[in-house]
Amino acid sequence: MTRLIRRPVPLRARLSLEQAGIHPLLARLFAARGVIDAQELDAHPSSLLPPCLLKGVDHAAHRLADAIERGEKILIIGDYDCDGATATALGVRALHALGANVDYLVPDRFRLGYGLSPELARLASERHPTLIVTVDNGIASVEGVAEAKRLGMAVIVTDHHLPTHELPPADAIVNPNQPGCPFPSKALAGVGVMFYVALAVRAELRRRARFQGRREPNFASLLDLVALGTIADLVPLDRNNRLLVSQGLARIRRRQSTPGILALFALAGRPPERATSQDLGFLIGPRLNAAGRLAEMTLGIECLLAQDMPKALALAQKLDAINRDRRELEADMRLEAERLIDRLAPNDRASLVLYDPSWHPGVIGILAGRIKDRYHRPTFVFAPAEEGLLRGSGRSIPSLHLRDALDLVAKRCPGLLLRFGGHAQAAGLSLRLEDLALFEEVFEDIARQLLAPEELTRTVHTDDALEDAYYNLTTVRMLEETVWGQGFPPPLFDDVFEVVEQKLLKEKHLKLVLKHNGVNYSAIRFNWSEPLPPRIRAVFRLGADDWQGMSALALTVEHHAMP
């Protein structure tokens, strides 16, 4: 069952935005998302929060500037998701532009797991760096940082994940979520943190007169990477993140982006000139993530580092092929997951925990997200890891903070979780195969304690009806140009329609003609094969159907109910 709730629109905020020149429809949508002043929508780079507010950034900048001036070898330790890949590529590009001797290393997720582990520290030492910089990881790598220090390497941690009770013994830590950090935006992605570190290093080198007689590098050229990693990592789009993404999208639309991102747009069949935040999240990000899930993220990072289009296209084609393999693998895993769920009576549970020995550990996060979306239950999916161990990936509903729930599991059953970490809505862990049943029991008990019964009913927030005058491509383009994402969701409208025609496509999608106020509209209901009644209350997105150079208005029905 899905509960539909229309977002309230504060009248004073809406009128204030309209008076400031914001389009009336956008003013309504922005006001419903908490915007009260047009200044919050200012996308000029000067409105960015300053780097100096980040705790530890001055120490990190000073140490990196020393390394650059002394010609030390710097090694970036990345992560194998899109945020980690963009953060790694950004770090390499930025430090190289500043004159650094810089390289990168990404752990094999199937052999070394996540973050700077002691094993990875020993592997890193074989490259003889004097300074390690972690990106999108490291805040929980207490043992790994200690091992790197024992081996004679300095360590700077740049991360955005929530810290554990113990911070790593790094030379500097830059993380807006570390204790005592005054940076107002706690929602920076890993790539956003590294972008701020790059700005601080440039400022430190400027103070040292490093750029006398030569031009400073323009780090605005890195904002396409920031936009991609921020959207793909599903961090909340607060004002600062919206500004970063807006600037990055503007560069992509002007084709001032890195060749790798332009190549990925080409493989996705989407013109960069019309790039949207949804494109980054649903078309570009998954193609990069596929490399880290099924192969090595080095392929994705090299695509982002490519200096010319021929090389970028060749790498993007490999990423696209891997992503197709990932989709096929995911489809097979979903079928098996549904068979397992049929035995669990999901409506009687507060959580779902699934495992199959044939599942691929690189795809369990996606599968957990799909199951969570369908059943509206916090979900963990497990796959075999090293001998006798399981690796789990979880996704949660808004009412349950997943990492905090895992912390409760760890406190209730010490030793049950071998490793865990993550965010409010996504987390990972490892445990022994023989402990899976115990984890399922304890996690279900904690979910029941933390979740009220009504919170297990999916709630969809809509933006009310759409005025007839806005059913056109002009509105579509205006909405496409706006930055939407986590915490600032794209508009969903709802209204009552007559179902004039319906036809099943590929045995799983409904092609529709819907009538509203005497006008017929083309529409589609993806992943729905059952016939619709003659009249429905449709929750829909406004979009365009592009075909052979022509565009036509089309509605995508996300939910429907009886009127």
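Things to note:
- When restricted to residues that are basic (Lys, Arg) and in contact (Cβ under 8 Å) with a residue 60 or more places away in the chain, the range 238-267 contains 2.
- Output for the range 440-497, where each listed residue is touching a Lys or Arg at 6+ places or on another chain (Cβ under 7 Å), assigned by TED's automatic domain parsing to the domain that holds residue 392 and without any contact (Cβ under 8 Å) to a residue 60 or more places away in the chain: 442
- Of the listed requirements (1) part of a strand (DSSP E or B); (2) more than 22 Å from residue 277 (Cα to Cα); (3) of a type in the set (Gly, Ala, Ser), residue 552 misses just one: (2).
- Each residue in the range 172-184 was checked for being crowded, with 19+ Cβ neighbours inside 10 Å and in a loop (DSSP other than H, G, I, E, B), and 4 pass.
- Residue ID - farthest from residue 405 (Cα to Cα), chosen from residues in the range 332-353 that are without any contact (Cβ under 8 Å) to a residue 12 or more places away in the chain and among the charged types (D, E, K, R): 332
- Among the residues of the range 117-154, the ones that are assigned to a loop (DSSP other than H, G, I, E, B), under 30 Å from the mean Cα position of the chain (by Cα) and of a type in the set (Asp, Glu) come to 1 in all.
- Counted residues, the range 442-469 - those being in a loop (DSSP other than H, G, I, E, B) and either more than 20 Å from residue 496 (Cα to Cα) or charged (D, E, K, R) (or both): 6
- Meets criteria (among the aliphatic types (A, V, I, L, M), surrounded by fewer than 24 Cβ atoms within 10 Å (Cβ to Cβ) and modelled with pLDDT under 95) for residue 262: no
- Against the conditions (1) modelled with pLDDT under 95; (2) within 25 Å of residue 181 (Cβ to Cβ), residue 108 satisfies every one except (2).
- All positions within the range 475-533 that are of a type in the set (Val, Ile, Thr), over 21 Å from residue 274 (Cβ atoms) and touching a Leu at 6+ places or on another chain (Cβ under 7 Å): 499, 500
- Qualifying residue in the range 33-44 (condition: in contact with an Asp or Glu (Cβ under 8 Å, 6 or more places away or on another chain) and crowded, with 16+ Cβ neighbours inside 10 Å): no
- Residue list for the range 526-541, filter: touching a Phe, Trp or Tyr at 6+ places or on another chain (Cβ under 9 Å) and under 22 Å from residue 458 (Cα atoms): 536, 537, 538, 539, 540, 541
- Residue in the range 267-286 that is crowded, with 18+ Cβ neighbours inside 10 Å, under 17 Å from the mean Cα position of the chain (by Cα) and over 23 Å from residue 241 (Cβ atoms) present: no
- Residue list for the range 331-376, filter: out of contact with any strand residue (DSSP E or B) (no Cβ under 8 Å at 6 or more places or on another chain), outside the structural domain of residue 396 (by TED's automatic domain parsing) and surrounded by 18 or more Cβ atoms within 10 Å (Cβ to Cβ): 333
- Flag if residue 437 is within 25 Å of the chain's Cα centre (by Cα) and more than 30 Å from residue 516 (Cβ to Cβ): no
- A Cβ distance below 8 Å, combined with a sequence gap of six or more or placement on separate chains, defines the contacts here; from the range 549-563, residues that are under 8 Å from residue 539 (Cα atoms) reach residues that are polar (S, T, N, Q) in the pairs 559/2.
- Residue check: residue 141 meets all listed conditions (1) within 27 Å of residue 218 (Cα to Cα); (2) crowded, with 24+ Cβ neighbours inside 10 Å but one, namely (1).
- Selected residue (only one of 330, 296 is within 20 Å of the chain's Cα centre (by Cα), acidic (Asp, Glu) and not in a helix (DSSP H, G or I)): 296
- Within the range 482-500, considering residues that are on the phi < 0 side of the Ramachandran plot, touching a helix residue (DSSP H, G or I) at 6+ places or on another chain (Cβ under 9 Å) and assigned to a loop (DSSP other than H, G, I, E, B), the one surrounded by the most Cβ atoms within 10 Å (Cβ to Cβ): 483
- Verdict on residue 29 being surrounded by 17 or more Cβ atoms within 10 Å (Cβ to Cβ), under 29 Å from residue 286 (Cβ atoms) and in contact (Cβ under 8 Å) with a residue 60 or more places away in the chain: yes
- Considering 228, 283, the condition of being outside the structural domain of residue 478 (by TED's automatic domain parsing), touching a helix residue (DSSP H, G or I) at 6+ places or on another chain (Cβ under 7 Å) and in contact (Cβ under 8 Å) with a residue 24 or more places away in the chain is satisfied by 228 alone.
- Hits in the range 244-256 - residues which are part of a helix (DSSP H, G or I) and surrounded by fewer than 24 Cβ atoms within 10 Å (Cβ to Cβ): 246, 247, 250, 251, 253
- Unique match (being under 30 Å from residue 495 (Cα atoms) and under 23 Å from the mean Cα position of the chain (by Cα)) among 373, 463: 373
The values are calculated or read from the model by the stated rules, or taken from the named source; none is laboratory data. Note that the coordinates shown come from a computational prediction; the quantities given were computed from them, not determined experimentally. Neighbour counts run over all protein chains shown; Cβ positions are idealised from the backbone, glycine included.
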